Amino acid sequence: MLFPTTSSPRTPVRVVVTGAGIITGLGTGWKPNAEGFRAGKAAFRPVSQFDVSRQRVKTAAEVDLPAILPPTRLGARSIARLDRAGAMLVLAALEAWQQAGLECAENLPLVLGSTAGGMLLGEAYYRQAVRQPQRHRQQATRAIYYQPQVQARMVLDALGFSGPITIISNACASGGNAIGHAWDLIRCGQAERVVAGGYDALGEMVFSGFDSLQALSPTVCRPFDARRDGLALGEGAAVVTLETLESAQRRGAIILAELIGYGTSIDQHHLTQPHPQGSTTLMVMKQACASAGVTPEEIDYINAHGTGTVLNDRSEALAISEWAGSRAATLPVSSTKASIGHLLGGAGAVEAVVCLMTLREQWLPPEIEFETPDPACKFPIVNKPQDARVNVALSNSFGFGGVNATLILRRWA
Amino acid sequence: MSRIFVAGLGAVSPAGWNVGALRDTLEKGEPLPVQEMARPGWEKPLPARLVPNPSLRPEFLSHPRLRRTSPITHYAAAAALEAVAGLRTNPEAKNCRLGIVVCLQSGCVQYSCRFYDETLKNPATASPLVFPETVYAAPASHVAALLENVVLACSLVGDPSAYLQGVSLGVQWLEENRVDACLVIGAEETNWIMADALWHLDRHAIVTAGAGALCLCREAKLSSGVELAAITDSQTYSARRTRMQAAAAMRGQLGESSPKELLCDGIGNSRRTDAAEFAAWRDWTGPRISPKRILGEGLMAAAAWQCVAACDAVANGRFAGANVSLVGSNQQAMGARFAAISHLSGARP
């Protein structure tokens, strides 16, 4: 029963990451992504999925999906019903699942963040409903499969497990919140293992939305640069498997890192703009540090939300600078949105996996195009590929609507 | 073991803009009149039950954050304000830290359709004022701004059964002392594309919209006389478990109930859609209400109305306990039981 609950563990359990899957514009899987992030490679190219001829901006970091999905338990009919978002989600989940060495399981929760789910199917539904109102072919299927909980069920069916599905849609913080919620579920004793992540595909409506807001950069996405002029969009997915340390050790699983802290809060300043002084960002970073039992001095790298917009980056820079205090002067910060764009509901999960990469492989992901820091940045922006000692990494995610999430991960040595 | 109480209820439905209107309509038991919704490109309109305009323009609409919002936010805000009204006037709840969980299935369809339509016609003129209102998180954000003392918020998407996942999340926040009270809101709005989609999935369903809200708290002194007695696990549908099996598992977890308790089910007008829920409760001999038969298919709002109606029946002393059955369309089956505080006080000191 979800309520009444059994009592929580007296001592909060330690939660570790035992599997990670990632797909972005840099490629499918850990290796091509790690190589790309390490080099600061940018994945932007002209948008091919829909017509952008009348948009201000015409590029994004699109994913190259494989022509055929690797084998899973999904039948041909189910695979045919996956849209781009669903296919990316299944690919990321499969990689995480295989890396974790998990097998068929009952009552294994799946927590996903997404802003749009299968919106591409929703867009197709709308176009047909308007342009061919008497044609009903495929409409019922689209109406079902655009829903994110149905895409989540495809993950269960693909990998052969069952359990509760939770879909969090806190805009661009969704992926971070999903992993944080999974951490909560394990810590409060509701689950021993959880599969969690975030995903979103590039869609015409969302692209047009950010373009209409003039939030897209017509030049190059340069988070925290004084010359920044907007964000770039991307698409992708990341999934991680979380479990108690005891469970991982019992299974003999390879531990990728420990998830040690999570904070979330809501910024009520504006629907689309953060508080100008970053007060909620500051609060959520403090909250995450408190839950992790670490201080800014112990953080070795921050993967910032860093969208590249004037307002977001200034607000986040002020918050990081105040939160870090004297540590700021030597605290490396970068935003990997400079490489793969903003993945919206997928961003927080993908950036958590980037943090896993920095912890596992001991390097920092650079923003190659970064040149001149915004005056609000009291910290160095990583702009050249470099090896580094990274024991603790922090990832920020903020969303339209004001929900923020901060995750803190520690190297497992 | 913690106890969770219901501090207040709120509802906006085709019956009207408060819980009283919902109660009166459900007590009458007569399905509300059906209106016609024009469907572009079709000669025959689609059936719908629309939320009537409020008799007076709600005062909250003058809040600057709500100026450009669509009906889903209006419904969510009205239900939220009604549910927290008791807390806001209770000196014991001063400085109460509030959490908000907003549950949605379709979400902000009106502005989504409008913005996508503008995009298809000419993206250069698509309105930047409309786009931010299309995100699932918009209603939660606006309600948080309206209520001010909100410290945590989350928007959950799922089929209607996910409303009880929202309740469970609120319980978790309360148990971890992250909030002092938590609003759990289920909200939907409708338009022709929603009616069209529903027509493709269930020809007997009549689309509707609105919102329902429960305000949960840890303190018995803030309660309206109702407490949460149980929430079942999520009985997820999968390739290996049918909807029928999941509904039966949910019923099994709720266990035997007194025939003097109320069952507030999610049965509508479709033999096929409702088959799993009918089967799960076929042995139920006690009183039951089926709000969807009277109000229509309000998706997440309808799930919230079921919970509101169940709590209201207990709060008004008509029943010592009430069960809620949510057999969702494509995700899971979940159930809950609410009870009068005195009813449980002996069993769970």
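None of the figures in this text is laboratory data; all of them are computed from the coordinates on show. Note that the structure is predicted; figures quoted are calculated from it, not measured. Virtual Cβ from ideal backbone geometry, glycine too; neighbours counted across all protein chains shown.
Roughly how many whole Å is it from the C-alpha centroid of region B:235-286 to that of region B:117-162? The two parts, judged by their Cα centres, are 33 Å apart.
When both bridge partners sit in chain B, DSSP labels roughly 65% of those beta bridges antiparallel. Eigenvalues of the alpha-carbon gyration tensor of region A:241-326, scaled by 5 and square-rooted, set the equivalent ellipsoid semi-axes at 30, 14, 12 angstrom, largest first. Applying a DSSP loop filter and a limit of 13 other Cβ atoms within 10 Å to the trypsin sites (Lys or Arg not before Pro) in region B:32-102 leaves B:R67, B:K94.
What FRET efficiency comes out for the pair A:A140/B:A124, r = Cβ-Cβ distance, R0 = 30 Å, nearest 0.05? Using R0 = 30 Å, I get an efficiency of 0.35. Estimated from the Cβ-Cβ distance and a Förster radius of 30 angstrom, the FRET efficiency linking A:S326 and A:R251 is about 0.10.
From largest to smallest, the equivalent ellipsoid semi-axes obtained for region B:226-345 from the alpha-carbon gyration tensor read 23, 16, 12 Å. When both bridge partners sit in chain A, DSSP labels roughly 70% of those beta bridges antiparallel.
Sorted largest first, the spans of the alpha carbon positions of the protein assembly as shown along the three principal axes are 71, 61, 52 Å.
Per-residue shielding of A:126-134, expressed as the average number of other chain Cβ atoms within 10 Å of the residue Cβ, stands at 4. Shape analysis of region A:73-147 yields a ratio of the Cα radius of gyration to the Kirkwood radius, Rg/Rh, of 1.07.
Adding -39500 (n - 2.57) for every DSSP H run of four residues or longer, then dividing by how many residues chain B holds, sets the calculated 222 nm ellipticity at -11000 deg cm²/dmol.
Model label points for A:R56 and A:A105, set 7 angstrom from Cα along the Cα-to-Cβ axis, are 4.5 nm apart.
In a DSSP loop and with at most 15 other Cβ atoms within 10 Å, the trypsin sites (Lys or Arg not before Pro) in region A:175-230 are A:R227. Under Stokes-Einstein, with the Kirkwood radius over Cα pairs as Rh, the value for chain B at 20 °C and 1.002 mPa s is 106 µm²/s.
With the convex hull constructed from alpha-carbon coordinates only, region B:100-206 shows a mean projected area of 8.0 nm² over all directions. From the residues A:S339, A:S315, A:W363, which one has its Cα farthest along the dipole of region A:261-411 in the positive direction, the dipole being from +1 and -1 charges on Cβ of Lys/Arg and Asp/Glu about the Cα centre? Going by the Cα projections, it comes out as A:W363.
Residues B:S234, A:S397, ranked from the fewest to the most other C-beta atoms within 10 Å, line up as B:S234, A:S397. Close Lys pairs in chain B, defined as Cα atoms under 29 Å apart and 8 or more places apart or on different chains, number 7.
Here is the list for region A:351-413: trypsin sites (Lys or Arg not before Pro) lying in DSSP coil, each with at most 15 other C-beta atoms within 10 angstrom of its C-beta, are A:R389. The equivalent ellipsoid of region A:71-196 has semi-axes of 29, 17, 11 Å, largest first, where each one is the square root of 5 times an eigenvalue of the Cα gyration tensor.
The mean number of Cβ atoms from other chains found within 10 Å of a Cβ in peptide A:140-151 is 5, as a whole number. Each residue, B:H63 and B:N95, gets one label point 7 Å from its Cα in the Cβ direction; the gap between the two is 2.3 nm. Rounded, prolate or oblate: pick one for region A:261-411, where a ≥ b ≥ c are the square roots of the eigenvalues of its C-alpha gyration tensor, a/c under 1.5 means rounded, and failing that, prolate if a/b is larger than b/c, else oblate. It is rounded, given that a/c, with a ≥ b ≥ c, falls under 1.5. Each residue of region A:15-251 gets 140 Å³ once the volume of the Cα convex hull is shared out per residue.
Specify the inter-centroid distance of region B:6-76 and region A:157-219, based on alpha-carbon positions, in whole Å. Using only Cα atoms to place each centre, the spacing works out to 30 Å. Restricting to the protein assembly as shown, compute how many DSSP beta bridges are antiparallel as a %, nearest 5. Here the share of antiparallel DSSP bridges comes out near 70 percent.
Each helix, a run of at least 4 DSSP H residues, gives -39500 (n - 2.57); summed and divided by the residues of chain A, these come to -10500 deg cm²/dmol at 222 nm. For the peptide A:264-274, the mean number of other protein chain Cβ atoms found within 10 angstrom of a residue's Cβ is 6.
Residues whose amide H comes within less than 5 Å of that of B:C103, counting only those at least five positions distant or on another chain, are B:L156, B:I185, B:G186, B:A187 (H built at 1.01 Å from N in the peptide plane).
Distance distribution P(r), chain A, all Cα-Cα pairs, bin width 20 angstrom from 0: 30, 59, 11, 0 percent. Using a cutoff of 8 angstrom between alpha carbon atoms and counting only pairs six or more residues apart, the relative contact order for region A:261-411 works out to 35 percent. Site-free segments of chain A were taken between GluC sites (Glu not before Pro) in DSSP loops having at most 12 other Cβ atoms within 10 Å, sites themselves excluded; the longest one is A:107-370.
For region A:243-337, relative contact order (Cα pairs under 8 Å, six or more residues apart, normalised by length) works out to 29 percent. Would you mind estimating how fast region B:1-151 diffuses translationally, via Stokes-Einstein at 4 °C and 1.567 mPa s with the Kirkwood radius over Cα pairs, in µm²/s? The estimated diffusion coefficient comes to 73 µm²/s. The alpha carbons of region B:69-122 give a radius of gyration and a Dmax of 16.7, 54 Å, in that order.
Hey, how many Å between the Cα centroid of region B:179-197 and the Cα centroid of region A:263-309? Result: 29 Å between the Cα centres.
Quantify how much of the Cα-Cα distance distribution of region A:118-178 extends past 20 Å, in percent. Of the Cα pairs, 42 percent sit more than 20 Å apart.
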